[in-house]
Structures are given as C-alpha cells and as structure tokens.
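To start, the structure under review is shown below, and the notes come after it.
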Amino acid sequence: MRRHTLYIILVLTMAVQGATAQQDVSFCHYWLMPSFYNPAATAIEGKLDVNAAYANQMTGFEDAPRTIYVGANLPIYFLSAAHSAGASFMNDQTGLFKHMRVSLQYAYHHRFGKKLRLSGGLRFTLLSETFDGSKADVNDTGDRVLASSKVTGTGFDLDFGLRVDYSNLWYVGISMLHLTSPTISFGDEKIYEYGTESSFYLTGGYNIKFHSPLFNMQLDAIVRTNLNAWRGDLTARLLYNGERHHLYGGVGYSPTNSVTFLFGGDFHGITVGYAYEYFTSAIGFVHGTHEISLGYKIDLDLFKKGRNLHKSVRHL
C-alpha cells in the first residue's frame with residue numbers, strides 16, 4: 001500500500017454530511033504579505049507592492065503540503081490616493097487535495113492628521129477544491145465516502161478587515177476570513193463536500209528604533225482562530241539599513257507549535273528572504289518547513305512632482 005499518511009485522515013472526514021477544515025496557510029513571512037491575512041492592508045504604503053512565497057512544509061514526508069502564493073497591490077490614483085486594489089493567486093497542494101484561490105481585493109485608507117490612518121478592506125475570492133480519488137489506495141474501493149476519480153468543486157468566498165497605523169511606529173489589524181463559510185460540493189452527483197470555516201485574525205507590529213540609524217528592530221505578531229483552535233506567532237527581526245545593502249535576521253516563536261529562523265536582504269530593490277520553521281512536536285527538526293519569499297515595492301505616486309521619475313524603494 002502506498003503511504004498517504006498526511007491526507008488519509010482528511011479523506012475519511014469527507015462524508016456526505018460534509019466536513020470542515022482549516023484552509024488558511026501559516027506563512028513564516030506573514031509580515032511581508034499583510035494583505036494576505038487582512039485585505040485592509042492592500043497597498044498600505046501607497047506603493048506598487050508585489051510579493052510571492054513558496055513553502056514546503058513537513059519536509060521528508062510523502063505528499064507533504066506545498067504552497068505557492070503571488071500577490072500584487074497598488075493605489076487607485078484615478079479615484080484618489082486613499083483607494084487601493086489588488087489581486088492574488090494561491091495554490092496549496094496537500095496529498096490528494098488541491099486548494100486554489102483567485103482573489104480581488106479593495107481597501108480604503110482614511111487619515112486622521114499626519115500620523116494616524118484607519119483602513120478597511122474587502123476581498124472576493126473564487127475557490128477551487130480538487131480531490132484526486134483515482135490515486136487513493138484503500139481496501140474498500142466501493143465505499144462512497146471516498147471519491148474514486150478526480151472531482152472538483154468551486155465556490156465564492158468573502159473576507160473583511162480593519163487596520164490602524166500610527167506613522168511608521170506601530171500597527172494593529174483585525175480581520176475575518178471566509179465570512180460566507182462556503183461549502184463546496186464535488187463530483188457530478190455533488191455527494192462529496194468540503195467545508196470552510198470562518199477564521200479570525202489579529203495582527204500587530206512595533207518598530208523599535210535605536211540611537212544608530214543603521215539598525216532597528218521590528219516586532220510582528222499574528223493570532224488566528226476558528227473559535228475551536230488557535231495559533232499565535234511572534235517574530236522579531238533585527239534590520240541593518242546600510243547605504244548600499246539592507247539586511248535582516250530574526251527568529252519567530254509559536255507556542256506549542258514551532259520555532260522559526262529567518263534571514264534575508266534587499267538586492268537591487270528586490271527583497272529575498274528564507275525561513276526554516278522547526279516544529280517543536282515529535283515531528284523532529286529535519287522535518288520542518290522551508291520557505292522562500294520575494295518582495296518588491298516601487299513608489300508610483302502620480303500626484304507628486306517629478307512623478308515620471310520612478311525609483312525603487314527598498315523595504316524589508
């Protein structure tokens with residue numbers, strides 16, 4: 001029998017009555033892609049913001065989760081600098097399951113004075129769920145709890161978020177993903193179902209400045225829950241802001257889950273980062289998560305003088 005340890009438990013819950021599952025990915029570089037967890041952060045800095053990530057989780061296990069994410073956000077200048085929009089794509093493969101998302105999002109940013117800003121955002125998502133039952137290796141092939149061929153279902157989802165920023169010192173945000181809690185039916189007879197639970201996210205960050213302008217420390221945190229279980233992450237990064245190079249290194253901690261080591265830098269305006277997440281459970285150190293991230297930001301403020309002279313903005 002082929003080993004499909006990671007997915008078989010999920011398969012057994014896909015009964016006619018339906019099942020619910022946590023569908024959101026826990027990226028180590030969540031601070032680099034804030035709009036993934038909160039649509040209110042869409043183009044939060046008023047720049048064209050492109051980011052991507054690839055995560056290979058539970059390395060060494062057969063059919064381990066692999067996730068690719070690409071997103072792009074920018075201000076909508078023909079309306080005003082307070083409006084922004086974005087689009088993203090995610091492909092998450094776990095065993096015989098494939099989760100795909102194509103999303104469009106919008107945010108409005110309102111300033112109170114020069115330092116305080118309140119943002120609100122919405123995201124509309126097309127979900128595509130696929131289960132390849134033709135590759136399942138089980139004894140009872142006639143069990144209708146399991147699909148015997150590749151089945152696909154689609155549905156629509158909605159996310160909402162709020163965020164408050166104070167200058168470049170701190171931020172806090174709250175969001176609710178999967179507002180509609182869509183249940184996606186599979187196959188021609190629609191007897192297999194995949195349910196998505198609503199999830200709540202609380203994010204925050206604080207920038208610690210030192211006497212030397214060459215260094216500062218960024219603290220970021222995220223807490224997520226579906227009201228049945230929760231996960232929290234705290235990440236601390238030391239940033240070096242040199243004239244020619246911007247570098248960072250840091251560590252993240254998730255209670256009862258994992259410890260993460262991460263580092264990266266800015267190369268010709270592109271932020272490249274690597275993270276390794278070590279699970280503190282019995283999985284062991286060598287079966288952690290490898291993650292690579294890319295980020296790029298550029299100022300496209302068409303209302304400024306010299307607006308045609310675009311330059312790269314380095315951001316970590």
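Applying the condition of being among the small types (G, A, S) and in contact (Cβ under 8 Å) with a residue 40 or more places away in the chain to the stretch 221-253 and asking which residue is most open to solvent (accessible area, probe 1.4 Å) yields A229. For H290, indicate whether it is touching a residue at least 40 places away in the same chain (Cβ under 8 Å) and more than 15 Å from W31 (Cα to Cα). In short, yes. Screening the stretch 205-316 for strands (runs of 3 or more DSSP E) wholly inside it with 3 or more residues that are at pLDDT below 95 returns the ranges 230-241, 258-267, 270-279, 289-298. When each of A64, A55, A19 is tested for being more than 21 Å from G232 (Cα to Cα) and modelled with pLDDT of 50 or more, the lone residue that passes is A64. Residues in the stretch 42-55 that are over 14 Å from the mean Cα position of the chain (by Cα) and either surrounded by fewer than 20 Cβ atoms within 10 Å (Cβ to Cβ) or in a strand (DSSP E or B) (or both): E45, G46, K47, L48, D49. For the stretch 83-127, the set of residues classified as crowded, with 20+ Cβ neighbours inside 10 Å and either among the polar types (S, T, N, Q) or not in a strand (DSSP E or B) (or both) consists of S84, S88, G95, L96, S103, Q105, S119, T125, listed by residue number. In the set (1) modelled with pLDDT of 95 or more; (2) open to solvent by 40 Å² or more (accessible area, probe 1.4 Å), R144 fails one condition alone, (1).
Filtering the stretch 64-79 to residues that are more than 19 Å from the chain's Cα centre (by Cα) and either open to solvent by 40 Å² or more (accessible area, probe 1.4 Å) or basic (K, R) (or both) leaves F78, L79.
Taken together, the criteria exclude S281 from residues that are without any contact (Cβ under 8 Å) to a residue 12 or more places away in the chain and more than 22 Å from the chain's Cα centre (by Cα).
The values are calculated or read from the model by the stated rules, or taken from the named source; none is laboratory data. The model shown is predicted, which means the values in this text are computed figures rather than measured ones. Every residue, glycine as well, gets a Cβ built from its backbone with ideal geometry; the counts of neighbours run over all protein chains shown. All accessible areas refer to the heavy atoms of the entire protein, side chains included, with ligands and DNA or RNA removed. Shrake-Rupley method; radii C 1.70, N 1.55, O 1.52, S 1.80 Å.
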